1. Sort W320, W353, W116, W4 by accessible area with a 1.4 Å probe, largest first.
2. Solvent-accessible area of M94, probe 1.4 Å, all protein chains present, reported in Å² to the nearest ten, please.
3. Do me a favour and compute the ellipsoid semi-axes for the chain from its Cα gyration tensor, root of five times each eigenvalue, largest one first, whole Å.
4. For the chain, give the percent of accessible area contributed by carbon and sulfur heavy atoms, probe 1.4 Å, rounded to a whole number.
5. From the phi angles alone, apply the Karplus equation (6.51, -1.76, 1.60; θ = phi - 60°) to the range 28-41 and give each ³J(HN,Hα) in whole Hz, x where the residue is Gly or Pro.
6. On average, how much area does the Cα convex hull of the range 155-250 cover when viewed from any direction, in nm²?
7. With springs only between Cα atoms under 10 Å apart, run a GNM on the chain and tell me which of P143, P37, P106 wobbles the most.
8. If one computes the Cα centroid of the range 254-318 and of the range 111-188, what distance in Å separates the two points?
Amino acid sequence: MSNWEQNVRRAVPYTPGEQPQESGVIKLNTNENPFPPSPGVRKILDDFDTDRLRLYPQPDCSALITAIAERYGVKHSQVFVGVGSDDVLSMAFMTFFNSDKPILFPDVTYSFYDVWADVYKIPYKTCPLRGDFTIDPDDYKQPNGGIVFPNPNAPTGVCESVDMIEDVVKANPSSVVIIDEAYIDFGGESCLRLTEKYDNLLVVQTFSKSRSMAGMRIGFAIGSERLIKYMNDVKFSVNSYTMNTLTLLCGRAAVQDEEYFNKCCGEIINIREYSKEKLKDLGFELTDSKSNFLFAKHKTAKARDIFESLKERKIYVRYWDKQRISDYLRITVGTRGQMDKLFCALKDILKGWTL
Ligand code: PMP
């Protein structure tokens with residue numbers, strides 16, 4: 001090994017879902033929204049004067065932050081924005097998880113958490129979910145250097161109550177608790193209101209799912225003014241211009257279109273519930289997902305085999321060969337037409353195997 005390599009920061013990177021480039025694919029593998037962003041976003045793009053790109057963007061992102069603060073009824077100083085919620089979460093890990101004690105998160109959860117913990121050299125400990133994939137709040141009452149989990153959880157879709165989250169936050173006044181609400185707009189109850197009562201609670205959300213803007217990269221966090229100030233101090237010590245001018249404008253337009261947002265989320269919820277029944281008819285068992293994806297296990301067929309057969313038919317879903325979840329497929333909720341094609345393909349695949 002060359003000498004300089006001894007000093008390299010080693011990282012085992014997160015593996016994002018595939019983004020196939022071939023045509024005719026039904027893409028149900030990365031929880032994107034099948035509907036377009038708000039028409040207000042289209043208008044910003046159509047009217048945008050490219051001369052504005054000569055200038056740096058607003059470093060404080062205030063146009064977007066003001067719109068988010070108004071929408072969620074909080075102060076401007078309680079909002080932090082970043083390049084997708086991955087950026088926001090990574091900044092929050094860097095800012096708040098700085099103890100010798102381990103941070104805690106579930107054994108089955110978003111697979112970026114252990115990656116950030118490793119790259120930032122944060123000790124961590126996973127707490128096993130119960131058999132039904134719910135969180136036992138008592139697991140989070142041991143000494144720790146911070147707590148993070150998604151609600152609804154990923155990839156299970158299981159949603160915890162605000163009371164359960166309050167129980168965890170209340171029991172940990174000496175730690176920051178991060179609740180990753182990437183999927184909260186699809187039927188779960190947000191714990192945002194708890195941020196008024198607890199200054200150690202940070203709630204993170206994204207425009208990638210419920211606002212159909214995964215390609216634009218917008219995420220945000222809401223918490224006490226003190227938490228947000230600490231995050232900004234770290235952010236401005238790393239990179240002042242994280243959000244570009246166009247993104248700030250498009251994000252503001254999206255968050256101001258409440259009617260379109262409600263319509264799209266309602267539609268996804270309807271298709272999800274319809275899809276649950278269809279999958280049950282095909283012999284799948286499912287969690288009661290409150291997100292824009294389904295977490296499904298077939299009674300007899302192997303998840304990996306179904307995953308591969310679907311892929312041959314250009315239908316992409318997600319599969320992990322990991323403990324506790326290797327029997328499951330995670331299927332993003334697409335349009336009604338896409339889901340019907342999926343059910344047809346599944347029927348065909350499963351028929352061949354059970355003959
Ligand atoms: N949290 C969870 C639980 C997720 O599944 C994702 C999507 N991969 C994210 C955060 C990050 O999403 P984004 O960076 O697109 O906001």
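The values are calculated or read from the model by the stated rules, or taken from the named source; none is laboratory data. Quantities reported herein were computed from a predicted structural model and do not represent experimental measurements. Surface accessibility is based on the protein's heavy atoms, side chains included, excluding ligands, DNA and RNA. Shrake-Rupley method; radii C 1.70, N 1.55, O 1.52, S 1.80 Å.
1. Values: W320 40, W353 115, W116 15, W4 165 Å².
Sorted by accessible area, descending: W4, W353, W320, W116.
2. Rounded to the nearest 10, the figure is 70 Å².
3. Values: eigenvalues 210, 138, 87 Å².
They are 32, 26, 21 Å, listed largest first.
4. Details: 8220 of 16780 Å².
So the carbon and sulfur contribution to the accessible surface is 49 percent.
5. So the Karplus estimates, Gly and Pro as x, are 10, 10, 10, 6, 7, 8, x, 9, x, x, 3, x, x, 6 Hz.
6. Numbers: hull surface 29.2 nm².
The orientation-averaged projected area of the Cα hull of the range 155-250 comes to 7.3 nm².
7. Its mean-square fluctuation being the largest, the pick is P143.
8. Between the Cα centre of the range 254-318 and that of the range 111-188, the gap is 23 Å.
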